[in-house]
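Undergrad: My structure is below; once you've seen it, I'll send some questions.
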Amino acid sequence: MAEVSASPVAVEVHERVATLTLDNPARRNPLSVTTMTALTTALRELGGSGEVGAIVIRAEGPAFSAGHDLTELLDRTLEDERHIFAVCTELMETIQEIPQPVIASVQGAALAAGCQLVATCDLAIASEKAVFGTPGVKIGLFCSTPMVAVSRAIGRKRALQMLLTGQTVDAVTAADWGLVNEVVPPEQVDVRARELAGQVALASPLTLKIGKQGFYRQIDLPQRDAYAEMSEVMATNAMACDAQEGMSAFVEKRTPMWLGR
């Protein structure tokens with residue numbers, strides 16, 4: 001296991017799975033500008049690595065992330081405030097732009113921008129003890145940027161319920177609403193997230209890139225336009241070496257040898 005970077009975000013790579021750990025448990029892992037920048041940098045570095053097939057984002061302590069560092073939002077200029085949310089947007093967009101699937105491993109509370117982070121990840125595993133919320137309305141700062149990711153994950157009515165009341169939902173409800181994929185016992189959350197990442201990382205890296213990028217490109221298109229775009233994507237995908245190898249291996253009942261092209 002190789003350590004790639006350190007605090008505020010620890011990064012490890014093992015058997016084609018990278019793990020990014022938020023490591024400020026005493027402050028409930030706030031998404032400060034420094035932390036968000038470190039996450040973005042690490043994701044971009046890993047995104048360009050052919051040695052990484054999937055990425056897990058996890059956290060130390062009782063909270064996954066309580067959201068933005070509120071001390072950074074007090075007594076600042078408008079340009080300062082704009083910068084903070086621009087850094088946040090860059091992080092969220094990077095998660096969905098890099099070729100590898102990103103999996104959130106949520107052991108505790110994911111609130112405000114922390115909930116946004118979970119909603120933005122491609123997949124999410126939650127502990128039975130995890131809770132999710134967008135409580136900004138309670139402190140006079142509506143969770144407008146978390147709303148972008150959360151509403152796309154769970155739909156309008158459920159998102160507005162979270163946003164307007166500021167109340168948290170438990171992990172089982174989050175799974176029922178589509179905010180997370182699975183709920184597991186607390187001691188299994190990291191294990192299951194890494195297991196899922198390992199399963200994903202078995203696929204051709206080229207195929208994962210094509211599939212992930214295609215998913216986000218088509219998801220908000222009208223159905224006819226989505227079919228038109230994805231038909232072309234699938235036709236060109238079928239011509240790739242890895243697709244030809246994978247189909248041949250399936251027919252010949254052998255394990256494929258991915259070339260990444």
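The values are calculated or read from the model by the stated rules, or taken from the named source; none is laboratory data. Model, not experiment: these values are computed from the prediction. Note: ideal-geometry Cβ built from the backbone for every residue, glycine included; neighbour counts use all protein chains shown.
Undergrad: Which members of the range 62-104 meet the condition of being in a strand (DSSP E or B), closer than 16 Å to Gly136 by Cα and under 16 Å from the mean Cα position of the chain (by Cα)?
TA: Ser65 - this is the single residue of the range 62-104 that is in a strand (DSSP E or B), closer than 16 Å to Gly136 by Cα and under 16 Å from the mean Cα position of the chain (by Cα).
Undergrad: I'd like the full set of residues that are touching a residue at least 40 places away in the same chain (Cβ under 8 Å), in a loop (DSSP other than H, G, I, E, B) and surrounded by fewer than 22 Cβ atoms within 10 Å (Cβ to Cβ), limited to the range 109-145.
TA: Asp122, Glu128, Lys129, Leu141
Undergrad: Hey, Ala203 hits all of (1) modelled with pLDDT under 95; (2) more than 18 Å from Ile98 (Cα to Cα) but one; which does it fall short on?
TA: It fails just one condition, (2).
Undergrad: Here are some conditions: (1) within 14 Å of Glu12 (Cβ to Cβ); (2) at pLDDT below 95. Gly50 meets all but one. Which one does it not meet?
TA: The one condition Gly50 does not meet is (1).
Undergrad: Could you list, in sequence order, the residues of the range 203-261 that are out of contact with any Phe, Trp or Tyr (no Cβ under 8 Å at 6 or more places or on another chain), part of a helix (DSSP H, G or I) and charged (D, E, K, R)?
TA: Correct list: Lys209, Lys212, Arg217, Arg224, Asp225, Glu229, Glu232, Glu252.
Undergrad: Let me ask something else. Would you pick out the residues in the range 156-172 that are farther than 11 Å from Gly133 by Cβ and surrounded by 13 or more Cβ atoms within 10 Å (Cβ to Cβ)?
TA: Listed by number, the residues that qualify are Arg158, Ala159, Leu160, Ala171, Val172.
Undergrad: Restricting the search to the range 164-202, which residues are part of a loop (DSSP other than H, G, I, E, B) and either more than 12 Å from Leu123 (Cβ to Cβ) or not hydrophobic (A, V, I, L, M, F, W, C) (or both)?
TA: Those that are part of a loop (DSSP other than H, G, I, E, B) and either more than 12 Å from Leu123 (Cβ to Cβ) or not hydrophobic (A, V, I, L, M, F, W, C) (or both): Gly166, Gln167, Thr168, Gly178, Asn181, Pro185, Leu202.
Undergrad: Now for a different question. Among the residues of the range 148-162, write down those that are out of contact with any helix residue (DSSP H, G or I) (no Cβ under 6 Å at 6 or more places or on another chain) and within 22 Å of Val87 (Cβ to Cβ).
TA: Val148, Arg152 - these are the residues of the range 148-162 that are out of contact with any helix residue (DSSP H, G or I) (no Cβ under 6 Å at 6 or more places or on another chain) and within 22 Å of Val87 (Cβ to Cβ).
Undergrad: Conditions: (1) more than 27 Å from Ala175 (Cβ to Cβ); (2) surrounded by 24 or more Cβ atoms within 10 Å (Cβ to Cβ). Gln100 meets all but one. Number of the miss?
TA: Single failed check for Gln100: (1).
Undergrad: Touching an Asp or Glu at 6+ places or on another chain (Cβ under 7 Å), outside the structural domain of Ala18 (by TED's automatic domain parsing) and surrounded by 15 or more Cβ atoms within 10 Å (Cβ to Cβ) - does that describe any residue in the range 238-250? If you could, list the steps in order and put the result at the bottom.
TA: To start, the set of residues in the range 238-250 that are touching an Asp or Glu at 6+ places or on another chain (Cβ under 7 Å) comprises none.
No, because not a single residue in the range 238-250 is touching an Asp or Glu at 6+ places or on another chain (Cβ under 7 Å), outside the structural domain of Ala18 (by TED's automatic domain parsing) and surrounded by 15 or more Cβ atoms within 10 Å (Cβ to Cβ).
Undergrad: Can you find, within the range 19-51, the residue that is surrounded by the most Cβ atoms within 10 Å (Cβ to Cβ) among those that are in contact (Cβ under 8 Å) with a residue 60 or more places away in the chain and more than 26 Å from Leu74 (Cα to Cα)? Before the answer, list the steps.
TA: Here is the first cut: in the range 19-51, the ones in contact (Cβ under 8 Å) with a residue 60 or more places away in the chain are 19, 28-29, 31, 50.
Right, trim to more than 26 Å from Leu74 (Cα to Cα) and you get 19, 50.
Values: Thr19: 22, Gly50: 9.
Out of the qualifying residues, it is Thr19.
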